[in-house]
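The values are calculated or read from the model by the stated rules, or taken from the named source; none is laboratory data. Being a predicted model, the structure only gives us computed values, none of them experimental. Virtual Cβ from ideal backbone geometry, glycine too; neighbours counted across all protein chains shown. All accessible areas refer to the heavy atoms of the entire protein, side chains included, with ligands and DNA or RNA removed. Shrake-Rupley method; radii C 1.70, N 1.55, O 1.52, S 1.80 Å.
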Amino acid sequence: RAYNGDEMGLGKSLQALAAIELSGTFPAVIVCPPKLKQNWLKECRKWLPHRKASGLINDLAEISILSYTEIHKYVNVGLGAATKKEQKAALADTGRYFIPHIQRFRSIALDEGHFIKDPKSRRTMASRAIVEACQCDYRFVLSGTPVENRPAELIAPLEFLGLMEHFGGRYQYQIRYCGGQRNKFGFEAKGATNTLELYRRLTGLCYIRRKKKDVLKELPDKIESVYEAEVSNAAELRRIEQD
């Protein structure tokens with residue numbers, strides 16, 4: 001149950017795969033943005049060549065790599081043909097979740113975990129559906145940008161990890177760390193309060209955040225390399241630049 005907020009380039013994917021391998025929690029599922037599916041398959045082949053990795057869920061795959069845009073297809077049988085209202089109702093009903101082929105994933109990792117910062121989004125509910133349906137023992141959230149704007153963005157990831165109870169539940173979290181209060185528009189929790197306390201509680205519970213300068217101290221802050229190359233379509237390039 002960990003949130004890895006390391007900066008980009010420090011090996012979050014390797015850390016997740018190592019944790020799954022060392023814990024032996026297979027079958028496992030990795031959920032990531034669509035453009036990263038092939039990269040995750042490459043990482044699996046590189047670091048865990050003895051494990052069967054697939055971009056689909058099937059009986060043979062020890063590690064399934066799915067994208068956020070497709071996980072709902074594996075969650076509820078009726079979502080494809082249902083209306084948006086029916087889809088939302090189905091996703092809110094955890095009793096209707098099902099996972100074909102594999103009855104129980106034992107571990108799950110969400111790459112670019114800030115993708116589920118909206119508790120009401122389809123991908124957030126579908127991600128939680130997999131956890132609830134399969135009762136995953138090991139859960140990981142990976143993101144180099146864990147909080148983009150406000151502490152409320154951590155609510156959905158903490159609920160996915162099953163750790164919100166350590167903060168007294170969502171409502172108490174919103175009051176303590178999101179400036180939650182009632183006004184004429186209802187209950188709003190869009191602020192940021194007691195942030196240092198929140199940081200300390202998170203790091204003591206589940207959160208790690210390291211920067212390149214902390215890990216790779218022998219490297220300069222930035223390396224810039226300039227490569228010059230001839231282009232065969234210079235005329236087209238100039239036209240595009242002028243557009």
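Per residue, the chain exposes 59 Å² of accessible surface when a 1.4 Å probe is rolled over the protein heavy atoms with every protein chain present.
From the helices alone, meaning DSSP H stretches of at least four residues, give me the mean residue ellipticity at 222 nm for the chain, per-run term -39500 (n - 2.57), in deg cm²/dmol to the nearest 500. Before the final figure, lay out the partial values.
Working: 9 runs with 84 residues, N = 243.
So the calculated ellipticity at 222 nm is -10000 deg cm²/dmol.
Set against the 2.2 N^0.38 Å expectation for a compact globular protein, the range 1-83 has a Cα radius of gyration ratio of 1.18.
Taking all protein chains in place and a 1.4 Å probe, what share, in percent, of the accessible surface of the range 9-62 do carbon and sulfur account for? Kindly include the intermediate steps, with their values, before the conclusion.
Numbers: 1570 of 2730 Å².
Carbon and sulfur: 58 percent of the exposed surface of the range 9-62.
Give me the dipole magnitude in Debye, nearest 20, for the range 148-243 about the Cα centre, with unit charges on the beta carbon: positive for Lys and Arg, negative for Asp and Glu. Working shown, then result.
On the way: 17 positive and 15 negative charges, 166 e Å.
That gives a dipole near 800 debye.
A simple count of charges around GLY169, restricted to other residues whose Cβ falls under 13 Å of its Cβ and scoring Lys, Arg +1 and Asp, Glu -1, yields 0.
When each of the peptides 175-186, 148-159, 32-43 is scored by how many other beta carbons lie within 10 Å of its residues on average, the order from highest to lowest is 148-159, 32-43, 175-186. Highest mean first, the peptides 49-55, 236-242 sorted by other C-beta atoms within 10 Å per residue fall in the order 49-55, 236-242.
Quotient of the Cα radius of gyration of the chain and 2.2 N^0.38 Å, N being its number of residues: 1.17.
If you look at the Cα atoms of the range 103-243, you get an Rg and a Dmax of 21.3, 63 Å.
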